1. Taking 0.36 nm per residue of sequence separation and subtracting the Cα-Cα distance, how much length would be gained by fully extending the chain between His72 and Ser157, in nm to one decimal?
2. In units of 2.2 N^0.38 Å, what is the alpha-carbon radius of gyration of the stretch 26-109?
3. What Kirkwood hydrodynamic radius do you get for the stretch 200-299 when you take the inverse of the mean 1/r over all pairs of distinct Cα atoms, in Å?
4. Which value in nm describes the separation of the simple spin-label points at Asp98 and Tyr275, placed 7 Å from the Cα toward the beta carbon?
5. What's the center-to-center distance, using Cα atoms, between the stretch 45-83 and the stretch 166-231 in Å?
6. Count charges around His195 for me, please; just the other residues with Cβ under 10 Å from its Cβ, Lys/Arg as +1, Asp/Glu as -1.
7. Past 20 Å, Cα to Cα: identify those pairs from Lys170/Lys220; Lys181/Lys220; Lys170/Lys222, in the order given.
8. Given only helices, namely DSSP H runs of n ≥ 4 each adding -39500 (n - 2.57), what is the per-residue ellipticity at 222 nm of the chain, to the nearest 500 deg cm²/dmol?
Amino acid sequence: MNAINPVASNTPSQPRRVARVVQSVSTIEGGGFPVRRPFPIQGFSHFDPFLLIDHLGPVQWPPGGPLGAPDHPHRGFETVTYVLAGENEHRDSFGNADVLRPGDVQWMTAGGGVIHSEMPTDRFHREGGNQEGFQIWVNLPAVDKMMTPRYQTLRASDIPQASTDDGRVKVRVIAGESLGKDARIDTRVPIQMLHFTIQPGGELLQSVPDEQSGLLYVFKGKAIIGSDQRQVVEGQAALLGSGDSVNISVSTDETGPAEILLLSGKPLNEPVARYGPFVMNTREEIEQAFRDYQSGRFGLIPPRT
């Protein structure tokens, strides 16, 4: 399966066109919750440096129905969890324990190895309700794949927000920069992660550094993206060509807003060997990861006290 790496542009102020539109597929993950996935899918393994995008839900759980992802390992990359609705309890083998609520972001660098669980809180499991969010995997360069794991949390109230003068475009700046606001997260690879809410008639020109691969995933409504003004609808990802910015707008004819996640990052241009929860550079490193996990070197999640 092939990755797509747009060639960086040497021309300043060059708006990007849409190189390809990818339709997400529906599948089941974790303990059994529904996701929409632009990649990895058949014929499209990753979008360097991004390895996976899972749009979780939206799903309305009955009381006692919410599901999650029980204890599982990771090595060699970062997992980013962005909660839009519901509650998620994180626990890991380094002793971290946290509850993520709507608007919160967890940026976990698995590095050399960690075991974690992502489960609904006791209250959310008991009462049920709406659940929606994202999990994104970001690859680590070879030099960082065995780094000590770390855990960063951004509360909803701590994520910078901005809007255009007319109020038709709002953005939450999780990583990178938009509308004069800078993110407060530390990433190992230069990354942008921006959540736009664009009302009908809204538009902006967003910077996407020319050395970064870029995509926009529309998870609600319809948007017009790129210099070629491609219409991209809910459940589709627009992969951008070369340039250093992207036009994003919503037609005045639409009856509601579009919700868009923009991701861009500097490609690592390194070999990718992956199997399940491990992403390394060689098959031998994957085999070592399994041996280390099976021998207990990833540790255990401490019991609740």
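The values are calculated or read from the model by the stated rules, or taken from the named source; none is laboratory data. Fair warning: this is a prediction, and the values are worked out from it, not measured in the lab. So basically every Cβ, Gly included, is an ideal-geometry build from the backbone, and we count neighbours across all protein chains shown. Surface accessibility is based on the protein's heavy atoms, side chains included, excluding ligands, DNA and RNA. Shrake-Rupley method; radii C 1.70, N 1.55, O 1.52, S 1.80 Å.
1. On the way: separation 85, 0.36 × 85 = 30.60 nm, distance 2.94 nm.
Taking His72 through Ser157 to full extension adds about 27.7 nm, to one decimal.
2. Rounded to two decimals, the normalised Rg is 1.15.
3. Working: mean 1/r = 0.0620 Å⁻¹.
Computed over the stretch 200-299, the radius equals 16.1 Å.
4. Distance between the two pseudo-spin positions: 3.1 nm.
5. Using only Cα atoms, the two centres lie 21 Å from each other.
6. Cβ neighbours under 10 Å give a net charge of +1.
7. In this structure, Lys181/Lys220 exceed 20 Å between Cα atoms.
8. On the way: 2 runs with 18 residues, N = 305.
Here the helix-only value at 222 nm equals -1500 deg cm²/dmol.
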